[in-house]
Structures are given as C-alpha cells and as structure tokens.
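Everything below concerns the one structure shown next.
The values are calculated or read from the model by the stated rules, or taken from the named source; none is laboratory data. Everything numeric here is computed off the predicted structure, so don't read it as measured data. Quick reminder, even Gly has a Cβ in these numbers, built from the backbone with ideal geometry, and neighbours come from all protein chains shown. Please note that ligands, DNA and RNA were not included when accessible areas were found on the heavy atoms of the full protein model with its side chains. Shrake-Rupley method; radii C 1.70, N 1.55, O 1.52, S 1.80 Å.
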Amino acid sequence: MTLETVLLAVGPGDAERIDELAETVAEVAEPADATVVLAHVFTKSEYDDVLSRLEFDRDQTEIDPDDVARRHSTILDLQETLDEYGVDYETRGAVGEHGPTIVDLATSTDADRVVVGGRRRSPTGKAVFGSTAQEVMLSAPCPVTFVRNDDHGA
C-alpha cells in the first residue's frame, strides 16, 4: 500500500499533545514522502467562539473554515514543527460533529492514514460520553493511528 496522504485531525483538546501528534505524523509521513493534511474540526459553537477570538469579520457572508484553521494556534504550532521535519502539508478546516466530520475529511482527501489524539478513558466514560477517536477508528476508510495522552489519567 502506497502512503501518499496522512490526515492529522485536531480539535479543542489537542493543544496539550501537539509534540506527540507532530512526532507521530512525521514518523509516518516523512519516510513515505507523504503529504500531511492538517485538519482542525470545530463544532458549530467552537467555530463561533474561534471566529470571535481570532477577530474575523462576522459581517462577511461566508468565512472559509480553511482560513479559520490556518490562523488557529494549534495548527500554527503543528506547521512550525512539520517545517522542522521537512514534511509537506496542507491545512483544512471543517465544521461539524468531530467524529463524522473527521471520517468525511479522510474520505474527501483520499487519506491513506488518519492520526487522531485522545486520552485514556474508562469503558464507562466512553459509553456515557462517546469517543471521537473510537468513532474514527471504527468508521474511517483507512487505518487510524491513535496518539494517547496519559497525563490526565483514566
């Protein structure tokens, strides 16, 4: 299987694991000379908050989620790290429920691998609150690499 495109999906909880995500995606993409798609997925409320915080002109008829993602600090930090690794990347933004939107992005970018972050959770926590990473692992059209953050415990 040829590895041409790796989708690195990030969301609001990923700022604390940028180094681990960047290192993992570089380890996968660099040897294959693959392009990384840095994808920031926002729920509608997260998107509205980010538009305000980044001072986008709310009077515009349409604001491109790709432009919003390009200005987000998590993406900027990832771009800086991937530049250090010499990995090619492009940036995408999307608005929707995290899990299904990541799966849609994996499909639309023809990703050969998806990388997602998460934290260790108890089985009860997953059942009650759901798990974006679990949904992506079960529904993605390609293999998924999960980068766990253990700092927060179970």
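Ignoring the sites themselves, what is the longest stretch of the chain with no trypsin sites (Lys or Arg not before Pro) in a DSSP loop and at most 12 other beta-carbon atoms within 10 Å? Mind dumping the intermediate values first?
Values: sites that count: ARG58, ARG120.
Longest gap between qualifying sites, sites excluded: 59-119.
Output the direction-averaged projected area (hull surface divided by four) of the convex hull of the alpha-carbon atoms of the chain, in nm². Intermediate results must be reported in sequence, preceding the final value.
Values: hull surface 37.1 nm².
Mean shadow area of the hull around the Cα atoms is 9.3 nm².
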With a sphere of radius 12 Å drawn around the Cβ of HIS98, what net charge do the other residues whose Cβ falls strictly inside it have (Lys, Arg +1; Asp, Glu -1)?
-4
Put a dot 7 Å past each Cα toward the Cβ at GLU27 and THR43; how far apart are the dots in nm?
3.1 nm
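Taking GluC sites (Glu not before Pro) as candidate sites, keep only those in a DSSP loop with at most 12 other Cβ atoms within 10 Å, then name the longest stretch of the chain containing none of them.
Working: sites that count: GLU55, GLU62.
No qualifying site falls inside 63-154, the longest such stretch.
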So what's the back-of-envelope 222 nm ellipticity for the chain, counting only DSSP H runs of four-plus at -39500 (n - 2.57) apiece and dividing by all residues, rounded to 500?
-13500 deg cm²/dmol
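Determine the share of the chain's accessible area contributed by carbon and sulfur atoms, expressed in whole percent, with a 1.4 angstrom probe. Don't skip to the end; give the middle numbers.
Working: 3590 of 8330 Å².
The value for the chain is 43 percent carbon and sulfur by accessible area.
Write down the accessible area per residue of the chain in Å², having rolled a 1.4 Å probe over the full set of protein chains. Could the numbers behind the result be given before it?
On the way: 8330 Å² over 154 residues.
Computed with neighbouring chains in place, this is 54 Å² per residue.
Work out the FRET efficiency for VAL95 and GLU20 from their Cβ-Cβ distance, taking R0 = 25 Å, and round it to the nearest 0.05.
The formula returns an efficiency of 0.45 here.
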